[in-house]
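S.K.: Pasting in a structure now, in structure tokens, and then I'll have a few things to ask.
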Amino acid sequence: MAKKATSGGTKTARDTGGRTNARIKARDAETQSKIVTLADNVAKRALSGAEPVITVPTRTKSNTEWNAKKGILQMGKGAQERQLFNLSQAKSFMQTMLHSSSIKDLIAAEKTLSLRGMFYKGLHTVAGTKEKTFQDQDESDGILEDLEVSLGALREELHIFAKKAGTIVGNITLVDSGDEIDCRRMGSGGYAIPSIVESDIMQFKKCDAKFVLHVEKNTVWSRFNEDRFWEKHNCILTEGGGQPPRGVRRLLRRLNEELGLPIYCLLDCDPWGHYIYSVMKQGSISLAFESERLAIPSAKFIGIRAKDYYECELTDDVQIALNDTDIKRAKEIAAYPWFEKHKGWQREIDAMLKNGFKMEVESLITKDISYVTEEYVPERLRKRDWLD
Amino acid sequence: MTPVTASPDPAKTRSKTSTRGATAEEMATRQRDISVSEFFAKNRHLLGFDNPRKALLTTVKEAVDNSLDACEEAGILPDLAVIIEDLQPDRPATAKSSRYRVTIVDNGPGIVRKQVENIFGRLLYGSKFHRLKMSRGQQGIGISAAGMYGLITTGRPMLIYTKPKASQPAHHIELAMNTKTNRAEVTIDEETQDFPPQRLRAVSPGARQLASEGAFLAPTDFKTGTSVSIELEGRYQKGRGSVDEFLELTAIANPHARIVFVPPSRSSADEEDVLPLPKGLQRGAESAATPVPPAAPAVTTESNGVTIFPRAVHELPPETKEIQPHPKGIELGILLQMLKDYEATEKGGTLFQFLQDRFCRISAATASSMCSAIKVTSRTKVADIEPRQAEALFKQFEDAKLPPPPTDCLAPIGVRQLLAGMLKGVRAEFYAASSREAEVYRGRPFQIEAAIAFGGELPGDETARVIRFANRVPLLFQQSACSSFKAVTETAWKNYNLSQPKGSLPVGPLVIMIHMASVWVPFTSESKEAIADYDEIRKEMKLALMECGRKLGTYLRKRQKMRRESERRDVFERYIGEIAKAINAINGTDAKKLYDKLLEQARQRTAVADQQLDEDGKIVRDEEPDPDGVIIVTQPSTPVPGAAAIDGDAKRRGGKTETPSLF
């Protein structure tokens, strides 16, 4: 629990403005040239009569490697050629080129768009037909993720952001796009974590917190905030609306890496909760290329644990029976390479399966409204009782 | 057709009559000959006069069959006019039937005066019953029965004009049949120069116009010929089993005939449950002022209410030979009858001679070995043959190894003519035909031909239409009882890329034609509506259908592949424009140049895949000629201007303008 004062985070946006701008300019120029190279390659092949192709690294489980040393999931070297003259790829080829062109426009205009905005920017009717360029936003989102990997550029470098999801409150002052945000004075709602939290957008200014408590859901987070948990325990309190989006994960990673704050996760005792923890800790398959800057290998799982049913003397009412999908999912998770050799996790999943039921964080409310904030979490932290 | 006589068995009559009080003597007073005509007057359904609608059809059918047979036998290309006049045009709309005058005019050889009464006034009189020769009519019932029906329902006699010699005047005869005596009674008998009858050229505005162009009953085209008019109680209604369908199918099976049809001014409303004819079998409405260019294939046309089925081929079917019966095809009773007949005509003729004279395929050697087998000598007279010996001889027939009967007695339509006929009457995009070799059933030679038409304007979501012919005569009723229907359902159409519910007709835009040519077509009934289901016949039908099916399958596979390719090309070409634009926006590459280059590549790539692969996966050359017996119409024949205005529901399938239907 190192208390590292702010390093880069102490600087305000104003006094680093010049340098930041220069850095952004350089970064944008690089992204631009990547896009132009992509288009050049397609044009060159087309004009010489060769089949135009775009190389897209594969984002599948088979192309994901477990780096045991770093403790994260990484994308392998596998890549696919996206061909124009292939019935199943012709449309996505066209979409890739459309989005490339849109991104170039965005960079030139120095503006950013949401994923939904990108969907609309690329959306029109293909000339001479009744077919739309994109059927829905999912199709567009997939193409953008492909572009991230094939250009080797991050989403923010492409001037794209996702909608906000996730909240922060606690003993820290942030600078977001030059504005100071004092997370101690956020009322009952908290500060919404933006999609892009890179250091050029967000800096850490004054941080007294000693750790971060991340909870799964907004409802639980509200309980902690109302009880002023972060004040009493001098910490930062975050929530990610279930599976935390990239912005939340990146912020936690930076808090962990740059300020040395340990991350504790309070999630449900079910396969989904375990999976969220797994993604936060090691990264996910579809975003394996981002693991390097999103994964938090040192994140800790403090609960809910299968044993809590007995230790906290909960009633039968809190049990939610595991269905077949849950059992299947639990077994899959138990077989993840990073869980497979972890005796603690094997026991945990086993215990849950043996119980035959799952439990939500809210189940602790049956004991007392503030049981989770006043007894459960403090005691776990005191006893250093967690899984990691 | 054996004469119907009541000949009660006396022993039987006595046994149980006592309780009713009638004695054999009393009954004998009531027992007498029944005239054949009288019998049919009471049983007219047996001859196809069951109801007014069918009666009208049967009348037309019998007259047309006779005319075509007569023309062909005389070596004349048939030119027929079929005219139906409505004699009660003011009848209420609810009337179930009306009085019609049916007139059929042909350019045939005419009939010599002294035969007129026999041909038109007697049942079971004719030249065709006694011989084994391929012809339309067989039993000599037809036209006289129609005349009798007319007489019964309207009391009007038949009106006949016939001109057997071009240089001499025509005969004008009116005759009525006496149903009691089976003899005709002539009421008018005079000579006239009015042939073809002038009156007929003006029966309707359409007929008048056509006649003024010299295309209808021109005296120069009818130097000889016969005109028969019958007045009858009938019902003119279009649809399945109508006069229209009959003529349309007749035209398909007789591409060498020209038929002009003048229908009555009004037809009955479709209040009855009559199946409508499927669309697609219909004609283009071309104004008579713009006749079909001579180069275009002959297509049925309609103008001003008159339908013209043009001549599609200009040669007559080959002349058919009459053959003697084959020993394998007769029954014992017939053999006995033949022996009796022989004795009657050739007094004292020998069995040895009889066998060679009255049968085909019996050589002198075979005849003598048969004689010795039944222990008679070659000199034994027919008169001396005992029934026991005749039976032994019949046994010999069954056991003997004989060559099949000669087949030159058959005149198949022929693949080319089949295609011409189908092309004329059915608007499709693909036509295939197949003509099998002659085969034999029960000692009688027969030959099966099949043709199919696919696609085009035929409705795609209905079961296939089967059109059946026997000796070029369309069979309109009792489809499911017909051997050909069974042959179609038993053919595995799925193999040829068509869908087919189990045990039924295939579904798709398909017309299937089956023709059986034989010296004796085995009908299931006297009304000649269905072919009896002999294994040999059905097998040949299936083989013919399979041959057509294979050609269709090849075509459909080819078409499917082409369609798939063009879809592929379509997909590529669709996106190329977008891609060129996007790249131009990114790096300024000339969008037009890029587009052209990509388009070229797309075309090349789909062209490679365009190549057809045959069943063995080899590349089929494009210039390979179409196989024999296939016609592919890439574009349906001339669309008709103004057709939409005539036909209310003209817009159908693919927005194609439909040609007005007669049906």
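The values are calculated or read from the model by the stated rules, or taken from the named source; none is laboratory data. Keep in mind that this is a model prediction, so the values were computed, not measured. A quick note on method: Cβ atoms are made from the backbone with ideal geometry, for glycine too, and the neighbour counts reach across all protein chains shown.
S.K.: Considering only the stretch A:130-141, I want to know if a residue exists there that is within 27 Å of the chain's Cα centre (by Cα) and either closer than 26 Å to residue A:177 by Cα or not assigned by TED's automatic domain parsing to the domain that holds residue A:27 (or both). Break it down into steps so the answer makes sense when it comes.
M.R.: Going residue by residue through the stretch A:130-141, those that are within 27 Å of the chain's Cα centre (by Cα) are A:134-141.
Next cut, either closer than 26 Å to residue A:177 by Cα or not assigned by TED's automatic domain parsing to the domain that holds residue A:27 (or both) only: A:141.
Looking through the stretch A:130-141, at least one residue is within 27 Å of the chain's Cα centre (by Cα) and either closer than 26 Å to residue A:177 by Cα or not assigned by TED's automatic domain parsing to the domain that holds residue A:27 (or both).
S.K.: What are the pairs with Cβ atoms under 6 angstrom where one residue, in the stretch A:50-62, is over 13 Å from residue B:579 (Cβ atoms) and touching a residue at least 24 places away in the same chain (Cβ under 8 Å) and the other, located anywhere, is small (Gly, Ala, Ser) and part of a strand (DSSP E or B)? Sequence gap at least six, or different chains.
M.R.: Between residues of the stretch A:50-62 that are over 13 Å from residue B:579 (Cβ atoms) and touching a residue at least 24 places away in the same chain (Cβ under 8 Å) and residues that are small (Gly, Ala, Ser) and part of a strand (DSSP E or B), the close pairs are A:55/A:79; A:57/A:79.
S.K.: State all residues of the stretch B:203-222 that are under 14 Å from residue B:83 (Cβ atoms) and either touching an Asp or Glu at 6+ places or on another chain (Cβ under 9 Å) or in contact (Cβ under 8 Å) with a residue 60 or more places away in the chain (or both); if no residue qualifies, say none.
M.R.: Within the stretch B:203-222, B:203, B:204, B:205, B:206, B:207, B:210, B:216, B:217, B:222 qualify.
S.K.: Right, next: Conditions: (1) closer than 26 Å to residue B:580 by Cα; (2) among the polar types (S, T, N, Q); (3) more than 14 Å from every other protein chain (Cβ to nearest Cβ). Residue A:74 meets all but one. Number of the miss?
M.R.: (1)
S.K.: Here is a list: A:156, A:148, A:139. Which entry is farther than 19 Å from residue A:227 by Cα, of a type in the set (Asp, Glu) and touching an Asp or Glu at 6+ places or on another chain (Cβ under 7 Å)?
M.R.: A:156
S.K.: Is there any pair with a first residue in the stretch A:224-241 that is in contact (Cβ under 8 Å) with a residue 60 or more places away in the chain and a second that is surrounded by 15 or more Cβ atoms within 10 Å (Cβ to Cβ) and part of a helix (DSSP H, G or I) whose Cβ atoms are under 6 Å apart and which are 6 or more apart or on different chains, and what are they?
M.R.: A:224/A:373; A:227/A:373; A:229/A:373; A:237/A:224; A:237/A:230; A:239/A:218; A:239/A:221; A:240/A:248
S.K.: Out of all the residues in the stretch B:559-575, is one or more of a type in the set (Lys, Arg) and touching a residue at least 60 places away in the same chain (Cβ under 8 Å)?
M.R.: Within the stretch B:559-575, not a single residue is of a type in the set (Lys, Arg) and touching a residue at least 60 places away in the same chain (Cβ under 8 Å).
S.K.: Hey, does the stretch A:27-48 have a residue that's more than 10 Å from chain B (Cβ to nearest Cβ) and in contact with a strand residue (DSSP E or B) (Cβ under 6 Å, 6 or more places away or on another chain)?
M.R.: No, the conditions are met nowhere in the stretch A:27-48.
S.K.: Here is a follow-up. Of the residues in the stretch B:555-577, how many are among the aromatic types (Phe, Trp, Tyr) and more than 10 Å from chain A (Cβ to nearest Cβ)?
M.R.: 1
S.K.: Also, I was wondering about something else. From the list B:157, B:196, pick out the single residue that is outside the structural domain of residue B:522 (by TED's automatic domain parsing), more than 30 Å from residue B:516 (Cβ to Cβ), free of Cβ contacts under 8 Å to residues at least 60 places away in the same chain and buried (at least 22 other Cβ atoms within 10 Å of the Cβ). Break it down into steps so the answer makes sense when it comes.
M.R.: Values: B:196 fails: free of Cβ contacts under 8 Å to residues at least 60 places away in the same chain.
Selected residue: B:157, the only one of B:157, B:196 that is outside the structural domain of residue B:522 (by TED's automatic domain parsing), more than 30 Å from residue B:516 (Cβ to Cβ), free of Cβ contacts under 8 Å to residues at least 60 places away in the same chain and buried (at least 22 other Cβ atoms within 10 Å of the Cβ).
S.K.: Residues A:160, A:181: which one is closer than 24 Å to residue A:254 by Cα, among the aliphatic types (A, V, I, L, M), without any contact (Cβ under 8 Å) to a residue 24 or more places away in the chain and touching a Leu at 6+ places or on another chain (Cβ under 8 Å)?
M.R.: Numbers: A:160 fails: without any contact (Cβ under 8 Å) to a residue 24 or more places away in the chain.
Only one candidate qualifies: A:181.
S.K.: To continue, here is another question. Looking at the stretch A:220-232, is at least one residue of a type in the set (Val, Ile, Thr) and farther than 22 Å from residue A:175 by Cβ?
M.R.: yes
S.K.: Those residues that are under 33 Å from the mean Cα position of the chain (by Cα) and modelled with pLDDT under 90, I need them from the stretch B:166-184; list them, please.
M.R.: The first filter runs over the stretch B:166-184 and keeps only residues under 33 Å from the mean Cα position of the chain (by Cα), leaving B:166, B:170-179, B:182-184.
Once the filter is applied, which keeps residues that are under 33 Å from the mean Cα position of the chain (by Cα) and modelled with pLDDT under 90, the stretch B:166-184 yields B:166, B:175, B:176, B:177, B:178, B:179, B:182, B:183, B:184.
S.K.: Further question on the same structure: Would you call residue A:269 in contact with a Ser or Thr (Cβ under 9 Å, 6 or more places away or on another chain), hydrophobic (A, V, I, L, M, F, W, C) and buried (at least 21 other Cβ atoms within 10 Å of the Cβ)?
M.R.: So residue A:269 fits the description; yes.
S.K.: Then there is this: Looking at (1) assigned to a helix (DSSP H, G or I); (2) modelled with pLDDT of 85 or more; (3) more than 12 Å from every other protein chain (Cβ to nearest Cβ), which is the one condition that is false for residue A:55?
M.R.: (1)
S.K.: Another question, if that's okay. State whether the residues of the stretch B:385-404 include one that is surrounded by fewer than 23 Cβ atoms within 10 Å (Cβ to Cβ), touching a strand residue (DSSP E or B) at 6+ places or on another chain (Cβ under 7 Å) and over 16 Å from residue B:515 (Cα atoms).
M.R.: Yes, that holds for at least one residue.
S.K.: Right, another one. Within the stretch A:72-103, track down each residue that is assigned to a strand (DSSP E or B), surrounded by fewer than 23 Cβ atoms within 10 Å (Cβ to Cβ) and not charged (D, E, K, R).
M.R.: Of everything in the stretch A:72-103, those that are assigned to a strand (DSSP E or B), surrounded by fewer than 23 Cβ atoms within 10 Å (Cβ to Cβ) and not charged (D, E, K, R) turn out to be A:72, A:74, A:79, A:80, A:83.
S.K.: What about residue B:580, is it within 26 Å of residue A:95 (Cβ to Cβ), over 37 Å from the mean Cα position of the chain (by Cα) and either in contact (Cβ under 8 Å) with a residue 60 or more places away in the chain or facing another protein chain (nearest Cβ under 8 Å) (or both)?
M.R.: When the stated conditions are applied, residue B:580 does not pass them.
S.K.: Can you pull out the residues in the stretch A:111-160 that are outside any helix (DSSP H, G or I) and among the basic types (Lys, Arg)?
M.R.: A:111, A:130, A:132, A:155
S.K.: Taking the options A:302, A:276, name whichever one is closer than 30 Å to residue A:228 by Cα, under 24 Å from the mean Cα position of the chain (by Cα), in a strand (DSSP E or B) and touching a residue at least 24 places away in the same chain (Cβ under 8 Å).
M.R.: On inspection, the qualifying residue turns out to be A:302.
S.K.: Restricting to the stretch A:107-118, and then to whatever is surrounded by fewer than 20 Cβ atoms within 10 Å (Cβ to Cβ) and in contact with a strand residue (DSSP E or B) (Cβ under 7 Å, 6 or more places away or on another chain), can you tell me which residue is farthest from the other protein chains (Cβ to nearest Cβ)?
M.R.: Across the stretch A:107-118, the extreme among qualifying residues is A:114.
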